[in-house]
Amino acid sequence: MKRIAILLLLCLMLPFFSGCTGVDTSPDPLTPTPAPVPVVSVESPVIVLPPELAGTPVTLSAIPLQTDHALYLTFEMNARGRQRQIPTGGYPLILTFFVYNTDQFAPGYAPSTADEVRNSAIPYKTRSLHLYSENILTHNEQVPERSSPAGLFYPSRPYAYGVIIEIRQV
């Protein structure tokens, strides 16, 4: 009888030894975590070409100039092998270089015309160059200029840059 009493006592005490003391230890129900909303970012460089020059290789790179609060842009357009696309007299071009801090505009903003650049109050420079077939056009530009007012552009913050190329009507 002593053995039965000990076994009965052990059976009653078993839940206390196994951790079941009546306290709810189940994990909290999972609350759904909101999925992050993807932010549309602008891929730099933004290069806009007229239809007449579609397919012409263009590169644009930028080096931040922290002391001048500007970008040093290096532009190259390769017209080699484009004899059929570019007339003998070439094309007179207007290039509008621009830079801007992306946090000052709606996510995904990228200008697509020179007028849009001029009307949006972002730093820009316009240059007139001439492109002939079989040549490589190179140009360097600092945007904004060294003498520009402070606060136009901060290379330490996220930025986008680009060039809009138009054929100048003669």
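Here is how the numbers come out for the structure above:
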| quantity | calculated |
| --- | --- |
| Three-way shape label, the range 46-167, alpha-carbon gyration tensor, a/c 1.5 | prolate |
| Relative contact order (percent, whole number), the range 43-120, Cα cutoff 8 Å, 6+ residue spacing | 24 |
| DSSP bridge orientation in the range 46-167 - percent antiparallel, rounded to nearest 5 | 90 |
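No lab work stands behind these numbers, since they all come straight from the coordinates. Since the structure is predicted, the reported quantities are computational estimates derived from the model, not experimental observations.
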